[in-house]
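The structure appears below as structure tokens.
Quick note: the coordinates plus some simple rules give every number you see, no bench work behind them. Given the structure is predicted, the values throughout are model-derived calculations rather than measurements. Cβ placement follows ideal geometry from the backbone for every residue including glycine, while neighbour counts extend to all protein chains displayed.
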Amino acid sequence: MQEGAPLAKIFFSQSILDSLIDEGRIRLEGNTLTLLSGDNPSFDLEPGYRINRTADNGPDPHGLVGQIRYEKDLRGDRAEIYLDSVIYRDTAYAADPGFIGEKKELIDRLTDTELLARFLLDSLL
């Protein structure tokens with residue numbers, strides 16, 4: 001991310017969410033998380049995973065290590081998911097379960113055409 005670039009997406013592991021809730025630094029309402037600092041940005045949350053490494057620490061033939069992926073996209077790609085493991089095609093990965101937050105203001109500013117284009121691109125890639 002470029003310095004000074006607006007934050008559009010962020011990954012929240014379950015343990016980070018638990019800590020932030022305990023410290024009173026966020027508010028959760030449904031699937032909306034609001035940071036209680038700065039300009040109080042809000043994020044729409046969807047289940048997701050941060051792919052950390054291959055389970056055997058071997059090569060990553062699919063280029064997933066270091067990525068955050070929505071659970072629905074992984075399942076759509078026929079990945080098998082169990083707790084903190086993701087099996088994609090023939091490769092097992094260690095992953096952090098959590099939520100991907102997309103800044104609400106970004107979504108709210110998009111036109112219907114832009115939302116449709118984004119959906120199509122996300123679905124095809």
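Can you tell me how much longer the chain between Leu83 and Arg53 gets when fully stretched, taken as 0.36 nm per residue apart minus their C-alpha distance, in nm with one decimal?
Here the segment from Leu83 to Arg53 would lengthen by 9.3 nm.
Using packing as a proxy for protection, rank 59-67, 75-83 so that the peptide with the highest average count of other Cβ atoms within 10 Å comes first.
59-67, 75-83
Obtain the nm distance between the two label points defined at Asp60 and Phe119 by a simple spin-label model: each point lies 7 Å from its Cα along the Cα-to-C-beta direction.
3.0
If you take P(r) over Cα pairs in 5 Å bins from 0, in percent from the coordinates, which of (i) 2, 11, 25, 27, 22, 11, 2, 0; (ii) 2, 10, 17, 20, 18, 16, 11, 5, 1; (iii) 2, 8, 13, 12, 9, 7, 7, 7, 6, 6, 4, 3, 3, 2, 2, 2, 2, 2, 2, 1, 1, 0 do you get?
Looking at P(r) over Cα pairs in 5 Å bins from 0, in percent for this model, the match is (ii).
By how many degrees, between 0 and 90 and to the nearest 10, does the Cα long axis of helix 112-124 differ from the longest principal axis of the chain?
Taking Cα atoms only, the helix is inclined about 20 degrees.
Given the C-alpha centroids of region 43-59 and region 21-36, what is the distance between them in whole angstrom?
What the calculation gives is 23 Å, centre to centre.
Can you show me the helix-derived [θ] at 222 nm for the chain, built from DSSP H runs with n ≥ 4 at -39,500 (n - 2.57) apiece and divided by the number of residues, rounded to the nearest 500.
-7500 deg cm²/dmol
Return the sequence-ordered ³J(HN,Hα) values of region 64-70 in whole Hz as given by the Karplus equation 6.51 cos²θ - 1.76 cosθ + 1.60 applied to θ = phi - 60°, using x for Gly and Pro.
In residue order, the calculated couplings are 8, 4, x, 8, 10, 9, 5 Hz.
Net charge within 9 Å of Asp44 by Cβ-Cβ distance, Lys/Arg positive one each and Asp/Glu negative one each, not counting Asp44 itself?
So the surrounding residues net to 0.
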